[in-house]
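Participant: Sharing a structure, written as structure tokens. Questions coming.
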Amino acid sequence: MEKNFLISLRFMFAVAVIFGIGITARAAGKWDMAAGIRDTRYIFADVTFDSHTYLRAEHSVYSYDFIYQYWRLYAGGKLAVPYADFDINAFYGRTWCGNYYSAGALVSCRILPPGPVCIFGTLNPLYDSGFRYNTCFAAGLAVRLCKPVSLRASYTTIPEFRESEKAVRAGVDVHIGGLSVVPELSVPVDPRNRSRKLRMLMSFSYTFSLNQ
């Protein structure tokens, strides 16, 4: 119990550090802050320095008691080169009651050739204390209909909850200024998944500069 309490204090301290950085960031460099929701189930906030290095805190909004909610901390970096960009991070997360934890990395790449088509992919080495190690991935493409709107589709084995699951996702990607909205349908395709329920997932974020 004491161990879980100390871990929870570390998470709250990390969140305070992220927001503290955001509040004091006007003093030096270019800092951005973002907040939003990932895949309907997770709220997050992050700070990014000079468009490259970032810290993120994420917390679940499961329909469970609070002690079974899951939090996760990320540290990573971004790199943009002609016709491509990269996002690499490492993360650690666990439930408040400590009944499971997970750790891993997300290595993402977007290929941006001239024209309306974008190819993207993510490699996700993942360790879960219950399901053990798994190498997950996602790959897909997006087609730009107009400047702020793209259609996207992907095949993924990256967990939406805990366990790796084969699924096809399709939706719309809308970017207007600092606002990003991505509604998607997730269709499980693994025949071993008995439920195979169609899911509607919503992700959105709003990014703003702390130097203005």
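The values are calculated or read from the model by the stated rules, or taken from the named source; none is laboratory data. What you are looking at is a predicted structure, and each value in this text was computed from that prediction instead of being measured. Here Cβ is always computed from backbone atoms with ideal geometry, including for glycine, and neighbour counts include all displayed protein chains. The area values use the complete protein model at the heavy-atom level, side chains included, leaving out ligands, DNA and RNA. Shrake-Rupley method; radii C 1.70, N 1.55, O 1.52, S 1.80 Å.
Participant: Hey, how many Å between the Cα centroid of the range 31-90 and the Cα centroid of the range 125-142?
Facilitator: Spelled out, the Cα-based centre of one part sits 17 Å from the other.
Participant: At 1.4 Å probe size, with the rest of the protein present, what percent of the exposed accessible area of the range 150-212 is carbon and sulfur atoms?
Facilitator: 61 percent
Participant: Right, next: Using 0.36 nm per residue of separation minus the Cα-Cα distance, give me the extension gain between M200 and A153 in nm, one decimal.
Facilitator: 15.5 nm
Participant: Mind giving me the FRET efficiency for S51 and V189? R0 is 35 Å, r the Cβ-Cβ distance, nearest 0.05 is fine.
Facilitator: 0.45
Participant: What's the carbon and sulfur percent of the range 28-108's accessible surface, probe 1.4 angstrom, rounded to a whole number?
Facilitator: 66 percent
Participant: Using the beta-carbon distance between V168 and D87 and R0 = 25 Å, what value does 1/(1 + (r/R0)^6) give for FRET efficiency, to the nearest 0.05?
Facilitator: Working from the Cβ atoms, E equals 0.65.
Participant: Through the Karplus equation 6.51 cos²θ - 1.76 cosθ + 1.60, θ set to phi - 60°, convert the phi angles of the range 128-133 into ³J(HN,Hα) values in whole Hz; use x for Gly and Pro.
Facilitator: Ordered by residue, 3J(HN,Hα) equals 10, 5, x, 9, 6, 7 Hz.
Participant: When the Karplus curve 6.51 cos²θ - 1.76 cosθ + 1.60 is applied with θ = phi - 60°, which whole-Hz ³J(HN,Hα) does each residue of the range 163-173 get, with x for Gly and Pro?
Facilitator: Values per residue, Gly and Pro as x: 8, 4, 8, 6, 8, 10, 10, 9, x, 10, 10 Hz.
Participant: Another one. Suppose the chain between C97 and L141 were pulled fully straight at 0.36 nm per residue; how much longer would it get relative to their current alpha carbon spacing?
Facilitator: 12.0 nm
Participant: A follow-up question, please. Taking the Cα centre of the range 26-99 as origin, work out the dipole magnitude from +1 charges on Lys and Arg Cβ and -1 charges on Asp and Glu Cβ, in debye rounded to 20.
Facilitator: 120 debye
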